[in-house]
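Heads up: the structure comes next, in structure tokens.
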Amino acid sequence: MNTVPANAPQTRGVLFVHSAPSAVCAHIEWAAANVLGSKVDMAWTPQPAEPGMYRAELSWQGTVGNAAALASSLRGWGLVRFEVTEEPTASSEGSRYSFTPKLGIFHAVTGVHGDLLIPEDRIKAFHVKASLGEITMEQALDGLLGVRWDEELEPFRHAGEGAPVRWLHQVI
């Protein structure tokens, strides 16, 4: 289990496991418990978008940076699709990590309203690629916004009827 200084900034977030084989579900819980420092019990349900796979959500509270640690601990399992969010705090921006086996990991910084905040250096790098003709400006913007991840994950995000409602909270 992680040991964290008592004065570490606190936040909350959500781990969305969009699809995982049943054999990996317990391992995902163990990995999350290791990062969050407490027992994790996720309610796994069948994933209608991919028969034989399961989905679950976990709301968490903990230190800033836990989303990155969760994403790092889960990204090595090639058959798992997931997203991890971390709400911004008074001293940090929020984060969203998306992972698919086909595309790998995408990370975005998020603001207080959930909008993606794109760092200046990433904009400049994509602008250079577009200027050199390596990609179009549309491809550059799609890359900065994670459009390919959203397109691939969208069918998995819908749990069907009876999906839990996720309430967002303001962290002060």
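Below are the figures for this structure:
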read-out: Looking only at region 88-101, and only at residues there that are surrounded by 13 or more Cβ atoms within 10 Å (Cβ to Cβ) and of a type in the set (Gly, Ala, Ser), the one that is farthest from VAL64 (Cα to Cα); value: SER98
read-out: Enumeration of residues in region 62-93 that are in a strand (DSSP E or B) and modelled with pLDDT under 95; value: GLY62, THR63, THR89, SER92
read-out: Test: VAL40 is outside any helix (DSSP H, G or I) and free of Cβ contacts under 8 Å to residues at least 40 places away in the same chain; value: yes
read-out: Failed item in (1) part of a loop (DSSP other than H, G, I, E, B); (2) touching a residue at least 40 places away in the same chain (Cβ under 8 Å), with TRP149 passing the rest; value: (1)
read-out: Options GLY114, GLY65, GLY104, GLY133; residue that is surrounded by fewer than 19 Cβ atoms within 10 Å (Cβ to Cβ), of a type outside the set (Asp, Glu) and more than 18 Å from the chain's Cα centre (by Cα); value: GLY133
read-out: Residues (in contact (Cβ under 8 Å) with a residue 60 or more places away in the chain and either within 15 Å of GLY111 (Cα to Cα) or buried (at least 21 other Cβ atoms within 10 Å of the Cβ) (or both)) located in region 68-87; value: VAL80, ARG81, PHE82, GLU83, VAL84, THR85, GLU86, GLU87
read-out: Residue under evaluation ASP41, criteria (1) in contact with an Asp or Glu (Cβ under 8 Å, 6 or more places away or on another chain); (2) modelled with pLDDT of 95 or more, criterion not met; value: (2)
read-out: Those residues of region 44-61 which are of a type in the set (A, V, I, L, M, F, W, C), more than 21 Å from ARG96 (Cα to Cα) and modelled with pLDDT of 95 or more, in sequence order; value: TRP44, MET53
read-out: Residues being more than 12 Å from HIS18 (Cβ to Cβ) and acidic (Asp, Glu) - total across region 36-70; value: 1
read-out: Residue match in region 162-170 (condition: modelled with pLDDT of 90 or more and either surrounded by 12 or more Cβ atoms within 10 Å (Cβ to Cβ) or part of a loop (DSSP other than H, G, I, E, B) (or both)); value: no
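The values are calculated or read from the model by the stated rules, or taken from the named source; none is laboratory data. Please read these numbers as outputs of a predicted model, since none were measured by experiment. Cβ atoms come from the backbone with ideal geometry, glycine included; neighbour counts cover every protein chain shown.
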